[in-house]
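Everything on this sheet refers to the single structure shown next.
The values are calculated or read from the model by the stated rules, or taken from the named source; none is laboratory data. Predicted model only: the values in this text are computed from it and were never measured. Cβ coordinates were reconstructed from backbone atoms using ideal geometry, including for glycine residues, and neighbour counts include every protein chain displayed. For the accessible areas, the whole protein counts, side chains as well, though only heavy atoms, and no ligand, DNA or RNA atoms are used. Shrake-Rupley method; radii C 1.70, N 1.55, O 1.52, S 1.80 Å.
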Amino acid sequence: MSVLSMHRSLRTSCLKFVLSLALAHALCLDATAQLQNPITRNYNVVHGLSHNTVSCITQDQYGFLWIGTDDGLNRFDGYTFKVYNYNPHDTNSLPHPVISDLYVDTHDNLWIGTPNGLTKFSLVSETFTRYLQGVQVVSVIADSTGGLWIGSLSGLHYFNASEQKWQTWTTENSDLISNAIRKLYLDSHGLIWILPAYQSAQIFNPRTQTFYNFSNLATGFTGKLHAVYEDAHKAFWIFTHEGLLWRYRPTLHVADTLQRISSLLPALKVREAGYMCGIEDREGRLWLAMNGVGILIFEAQNAELLRMIDNEQAEQLGLSSLYILSMFRDKTGIIWIGTDIGGLYKWDWRSELFSFYGHTSISRNTLSYPIVRGIYADRNGTVWVCTQGGGLNKLERQGGRQKWTRYTVASHRAKGLTTDVLWTIHAAPSGEFWLGGKNVLIKFNPKTETFYTEPTAATVTVIYPDSPDEHADLWLGTEDGLLLREAKTGRLKVLENPYDDLRQFRYVEALYKEGETLWVGCASGLYRVNTLSYKVERYYMFGTTTDLRISSNYVTHIYRDARGILWICTKGGGLKILKDTATEAFESITTENGLPHNHVYAVLEDDMGQLWTSTDKGIAKYNPDTKKFRVFTIADGLQSNEFNRRAYFKSQSNEFFFGGINGFNSFFPEKLSMPATSPRPILTVFKKYNEPVRLDTAIFQRKRLELSHADDFFSFEFAASDFHTPEQKRYRYKLAGYDKDWIETNAAQREAVYRNLPAGEYEFCVQVANSGDSWSSESMTLSVIMHPALWHTWWAYSLYVLFSVGAVLMFVWQRTQRLKKENLRLEVLVQARTQEVVKQNQLLEAQSKELHKLNEQRLQFFSMATHDLKNPLQVISGFARLIDEEKNWKTSKHIPSIFLVQQGECCTSLRNSWRAWSWIWELR
């Protein structure tokens, strides 16, 4: 079994019991503790991380975070993990599931150390290239020339990637004292620190190729060097196998100063630590993580311990595991912590800008109750907190440590405390405190820790002195009206309301006095009271027609800024500002103007003239000059997005306090006044038909993307290169040439989907903005070329035109030929018909002649016949008439002669008819 495998097996066995205790301890946390907002964020297998053992972390130039685990490589974009696993049947994969070290070079390559050699992963093509297979690589670094130095259990290796040349140093061919190297470290002088698994450390000079034993350079150093880190001041922090922490400040690696830091840490069980890793934060503080013990934060130059995060503090900060294997600071200053059993943790310095104080049930050294109602901080930095159920709390802060003292009925009933529900706190010039509670006014002496209670008819919600004198009268706002407590007699005087529609003040929440005027804010409106006559001079109520309206009846806070403007906070109506009391010209600031919520509980002005407001959607900073808001939410380290009335305070050191439903926050505005970062958007995934597509060049590096007509359903996923509050980021995208306007979306829907995109050239743009901030000036742009289908290309259309023209020409030609043929056929047909007609005409002429001839013959016949019949008929007719005339036949026996005459007349008539017919034919 290899040394690394033995080490991991032993470590895993030792941590099983610790893990079980941690899980059992986590189950003991009640719901209140789980609601607390830590400044760290955990990512583990539940969130998509391939394994909870995180051994190394790095970041590429595009902003992606790369995490090496015991089961694969992970790429993190702030939202999702893309996992690259080991596949024994695929050479284009990791050679081993366990990742020991990572390094990103300047050529978009990620170098991966594994127990089965060195692997180069191309960020552009997402391909793996294997080297040193069979060699157990444990550490990978690069020098100023880009050359790679690899530490393994087989010696020291050098690889010139451009020339593909290797060189190896072992105990056989060099002065290397051990082939089993556990870690390599490159210092600012270009020297390589070699930390063997079992021998003393060596320093290697690549220029002279000379090995030096560290124990010979640092006089007085004892032990075996286990880990080393060089800070910005060129000092080396050294941790040994014996559990000692040293600081070594060499001059050309000749002993200058060797300081044993462990002697400064008597309470720290350094010897229990397994090993150490270090990092410097953006403020130059040195973080040293002692595996299993805690995190030490030093002021590096003077080796001053600023803070120690042990198990108890780590739990309060949300860091459930102190078995730390790696630490890394990304480009924006966020510190990433890799643990052995807890996965990956994100420590955001912007979340730490808000100090958070909450309640847990497992420790009494915390706030006694989560709901905060009143806050006061004295000049020594001690904070006094009133809670709605946990009495009074005192917080003493020193050296990063917190000491809480609880004053509750259970612990201080004998000293006069009668209620755990406290609504407000006021510090008297004498050093005593006035506390408002349920139907009581309490005077508290912090020196004697005694309470003196004065009963009241209603719950005291706000206390305001009539003057800064030590024995000044006190104005008391209660749920049933406004009271004045006279200092001399202790008598309570009720202020009457002269207006007919309101018999008394209700739920007084805010008091502000200037000169003889007392401004009173309550649930029924805003009042202006003359403190000499004890009369209400003016009131402003929503909905009235006679008085100036304000946006809400419920006034929560009244504040006069350095410019003389009166700020009025309301519950439901946002902010009202009164610049001139004489004109009573109120101006409104609501969510329409950028305010995160119209429930505003307090407003405080910092030394730079900025206004800070607590709302039901976080804390907002308002710039009166630009009239713009910057919003901070629970993702920035706030106790919750919801805050409470009267839970605010500004200390003499300009430290601001705001309390809410889950504790309270403190911060210094000058640290939060830096300009908001402008994150750069980046494409993470390209999909076709909802399936990720692997391109020859990674989508985040492309400037141009060409698609075919078949890609009629595709989408882009995007993220931001800044890991600060990723869930609060807003995005907008636009496909220029297709989308008319920007399409806005949130972090949960970071995808742009397009269907049936027409062919053409487009430009896809993405912008990102933090919550409450303007859109980033830097956009991500990608040219998208949608190629048309083969039948929709220009040359296809050219062919279509040529084909159409050819078809028309062919049609015309064919038509012409057809017409020619038809004309020829018709000519032939006409000729044939003509000849036929000629023949017919000739035949008709012949027939006509024949008929004419026949007619002539017939006429001749008729003429001859009529002529031949004329004479006989005349003779017969003549003789018949003679006979009739000579013989006057009187009897019927003479009838034959009559008949003969008649027949002769008939023949004569027939002859005349023939003659007339012949004349007619002659006329035709």
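When the alpha-carbon atoms of the range 718-775 are used, the pair Rg, Dmax equals 12.6, 39 angstrom.
Want the number for Asn756 to Gln860: 0.36 nm per residue separation, take away the alpha-carbon distance, what's left?
Working: separation 104, 0.36 × 104 = 37.44 nm, distance 10.23 nm.
Net length gain for the segment: 27.2 nm.
What shape does the range 56-166 take by its C-alpha gyration tensor, where a ≥ b ≥ c are the square roots of the eigenvalues and a/c under 1.5 counts as rounded, a/b above b/c as prolate, and the rest as oblate? Judged from the Cα gyration tensor, the range 56-166 comes out oblate (a/c at least 1.5, b/c at or above a/b). Other residues within the sphere of radius under 9 Å centred on the Cβ of Glu280, judged by their own Cβ, net out at 0 (K and R +1, D and E -1). Over the range 49-275, the Kirkwood radius and the radius of gyration, each from Cα atoms, give a ratio Rg/Rh of 0.98.
Using the Cβ atoms and a cut-off under 15 Å, what net charge is assigned to the surroundings of Phe668, where Lys and Arg are +1 and Asp and Glu are -1? Within the 15 Å Cβ shell, the charges total -3. When the C-alpha to C-alpha distance is required to be over 31 Å, the pairs from Lys234/Lys346; Lys403/Lys513; Lys488/Lys513; Lys438/Lys513; Lys415/Lys488 that qualify are Lys403/Lys513.
Cross-link pairs exceeding 32 Å between alpha carbons, from the set Lys627/Lys671; Lys165/Lys688; Lys394/Lys535: Lys165/Lys688; Lys394/Lys535.
Given the alpha-carbon gyration tensor of the chain, what are the semi-axes of its equivalent ellipsoid in whole angstrom, ordered largest first, with each equal to the square root of 5 times an eigenvalue? Please report the intermediate quantities before stating the final value.
Values: eigenvalues 2353, 580, 91 Å².
Three semi-axes, in Å: 108, 54, 21.
Around the amide H of Val104, modelled in the peptide plane, lie the amide H atoms of Trp111, all under 5 Å away and 5 or more residues distant in sequence or on another chain. For Lys703, a cut-off of 14 angstrom between C-alpha atoms picks up these aspartates and glutamates, skipping any fewer than 8 places away in its own chain: Glu761, Glu763.
Mind checking which of Gln199, Asn87, Leu65 is farthest towards the positive end of the range 49-275's charge dipole, using Cβ charges of +1 (Lys, Arg) and -1 (Asp, Glu) about the Cα centre? Among Gln199, Asn87, Leu65, the one farthest towards the positive end of the dipole of the range 49-275 is Gln199. Couplings 3J(HN,Hα) of the range 188-197, computed from phi: 6, 8, x, 8, 10, 8, 10, 10, x, 6 Hz, in residue order, whole Hz [Karplus 6.51 cos²θ - 1.76 cosθ + 1.60, θ = phi - 60°; x for Gly and Pro].
Explain nothing, just the number: dipole magnitude of the range 541-668 about its Cα centre with +1 on each Lys and Arg Cβ and -1 on each Asp and Glu Cβ, in debye rounded to the nearest 20. I would put it at about 140 debye.
Charge tally for Arg307 (other residues, Cβ to Cβ under 14 Å; Lys, Arg +1; Asp, Glu -1): -4. Here the Karplus relation 6.51 cos²θ - 1.76 cosθ + 1.60, evaluated at θ = phi - 60°, turns the backbone of the range 380-390 into coupling constants of 8, x, 6, 10, 10, 10, 8, 10, 9, x, x Hz, with x for every Gly and Pro.
Roughly how many Å² is the accessible area per residue of the chain, as a whole number, for a 1.4 Å probe? Let's see the in-between values first.
Values: 44680 Å² over 924 residues.
Using a 1.4 Å probe on heavy atoms only, each residue of the chain averages 48 Å².
For the range 81-89, 3J(HN,Hα) computed residue by residue from phi via the Karplus equation (6.51, -1.76, 1.60; θ = phi - 60°) reads 9, 9, 9, 10, 9, 7, 10, x, 9 Hz, glycine and proline entered as x. For the chain, the 222 nm mean residue ellipticity estimated from helices alone, with every DSSP H stretch of n ≥ 4 adding -39500 (n - 2.57) and the total spread over all residues, rounds to -6500 deg cm²/dmol. When peptides 566-578, 129-141 are ranked by their average number of other Cβ atoms within 10 Å per residue, the highest-first order is 566-578, 129-141. Heavy-atom surface analysis with a 1.4 Å probe gives the chain a carbon and sulfur content of 53 percent of its accessible area. Take 789-802, 319-332 and order them by the average number of nearby Cβ atoms within 10 Å per residue, most first; the result is 319-332, 789-802.
When the chain is described by a simple charge dipole with +1 on each Lys and Arg Cβ and -1 on each Asp and Glu Cβ, the residue from Leu910, Ala377, Ile297 located farthest towards its positive end is Leu910.
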